[in-house]
Amino acid sequence: MDQSFRTISRTADFSELYKLIQSDGNVLRSFDEVEFIETPLHVAANEGKLNQQGLKPIHLALEKGHKEMVLRFLQMDKDLVRVTGKNGETPLHYIIKVGNHDSLLETFLKACPDCIRDVTTENRSALHIAAEKKRLDVLQILIRMLKKKDYYQEEVNRKDEDGNTALHIAARNNQTVMLKLLLSSKADKYATNQSDLTALGVAEQHNNRKSIRILHGCFIPGVADIKSKWEKQIVKYTAKASSVIFDDLDNISSDDLVLGLLLTGTYQATLSPPGSVLQGDDTSSPGKSVLDRTDFLLFYIPTYVVFMVTFFLILALLKPFPHGLKKTIQVLLAYFAICFDQSISFIAPTDFAFKVIWEYFSYCFLF
């Protein structure tokens, strides 16, 4: 590219550009004849120059609906999503104003997630603009994106230069679905603007009855506040319990999983012995194994040994576990062992068979 074009593009000197065009009407055609070339537009985009309407190249591409050009700009520099044009509006703000055509909103947020925090010269955020333009679909996307960020609540309650939040604007425009969405997204219903009005006050000022009903319900004592307090307490104690019990779960190894499978496998074998169990009638003992005493012992003694060895190995492997998780598993295993023992006592064809198993087990583990 000729050095004169490069200089003009960097300095945004339109008078020099017009002189070049007047001297040679085809001066720009050469750029179209080559598929891959750095054009003055690329240089201007990189330098972030405005035209006389206060727009930058990426803004112009958006305005004219040239999606491919917009995507090429983003490939060159993802931060172009955040460049400001007239009134401090970014390409993200423009997309929100005109509508999410070709899913460019998602593309912008994916390329530069923090662009959602950019504000105009009037301190209006993306949420303000979505509420002002009644773009519910856009607001839903923005809220979904914000919920992944630690500044989520801060952005939902950001105020513009008049002190209005997105909730104030939705109330003024009587956008009931937006109001419900914002209220469920931690919007502060008590926030006041520079006129000392809450969102409810704004709705009342404009006599927006549907919005008044929705917002008024948020201020009824004993309904919304109690519900909110209960929700906070539930979240608090659930998080606390989870942190105590499930802290450092990385200690769970493949050995623990194998032993767990052995334990459940032997337990299942106990509940479903070979040949099943007797059914209830006048001549039999329902629930007892159909095996005779010898076969029952040959099957259940090894099963009992496998279960108990696995049981104690798991207890030993719990040593490095966090205290809360270890205690919880120990209690659960204790109940599991009791159930296993009782299952055998119920299924054993005679009391003698069960006593033999207990004697064998005691001998193995005591000597």
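The values are calculated or read from the model by the stated rules, or taken from the named source; none is laboratory data. Just so you know, these numbers come straight off a predicted model, no measurement behind them. Because the Cβ atoms are built from the backbone with ideal geometry, glycine has one as well, and the counts that use them run over all protein chains shown.
Among all positions in segment 133-151, there is at least one residue which is buried (at least 19 other Cβ atoms within 10 Å of the Cβ) and assigned to a loop (DSSP other than H, G, I, E, B).
Determine if segment 308-323 includes at least one residue that is modelled with pLDDT under 65, among the β-branched types (V, I, T), in a helix (DSSP H, G or I) and surrounded by 16 or more Cβ atoms within 10 Å (Cβ to Cβ). No - not one qualifying residue is present in segment 308-323.
Here A170 passes the criteria (1) in a helix (DSSP H, G or I); (2) at pLDDT 95 or above; (3) in contact with a Ser or Thr (Cβ under 7 Å, 6 or more places away or on another chain) except the one numbered (3).
Selection of first residues in segment 299-323 that are within 17 Å of I338 (Cα to Cα) and of second residues that are of a type outside the set (A, V, I, L, M) and at pLDDT 80 or above, restricted to Cβ pairs under 9 Å at least 6 apart or on distinct chains, gives the following pairs, ordered by first then second residue: L315/Q330.
Go through the residues of segment 122-130 one by one and say whether even a single one is outside any loop (DSSP other than H, G, I, E, B) and charged (D, E, K, R). Checked against the condition, which is being outside any loop (DSSP other than H, G, I, E, B) and charged (D, E, K, R), segment 122-130 yields no hits at all. Selection of first residues in segment 182-199 that are more than 12 Å from N157 (Cα to Cα) and of second residues that are part of a helix (DSSP H, G or I) and among the acidic types (D, E), restricted to Cβ pairs under 8 Å at least 6 apart or on distinct chains, gives an empty result. For segment 355-362, does any single residue satisfy the condition of being within 17 Å of F311 (Cα to Cα), modelled with pLDDT of 65 or more and either touching a Cys at 6+ places or on another chain (Cβ under 7 Å) or in the same structural domain as F307 (by TED's automatic domain parsing) (or both)? No, that holds for no residue. The residue pairs whose first member lies in segment 204-224 and is closer than 15 Å to T176 by Cβ, whose second member is assigned to a helix (DSSP H, G or I) and at pLDDT below 90, and whose beta carbons are closer than 7 Å, counting only pairs six or more residues apart or on different chains, are G217/A224; C218/A224. Can M178 be described as touching a helix residue (DSSP H, G or I) at 6+ places or on another chain (Cβ under 6 Å), in a helix (DSSP H, G or I) and under 16 Å from R82 (Cβ atoms)? Considered against the rule, which asks whether it is touching a helix residue (DSSP H, G or I) at 6+ places or on another chain (Cβ under 6 Å), in a helix (DSSP H, G or I) and under 16 Å from R82 (Cβ atoms), M178 comes out as no.
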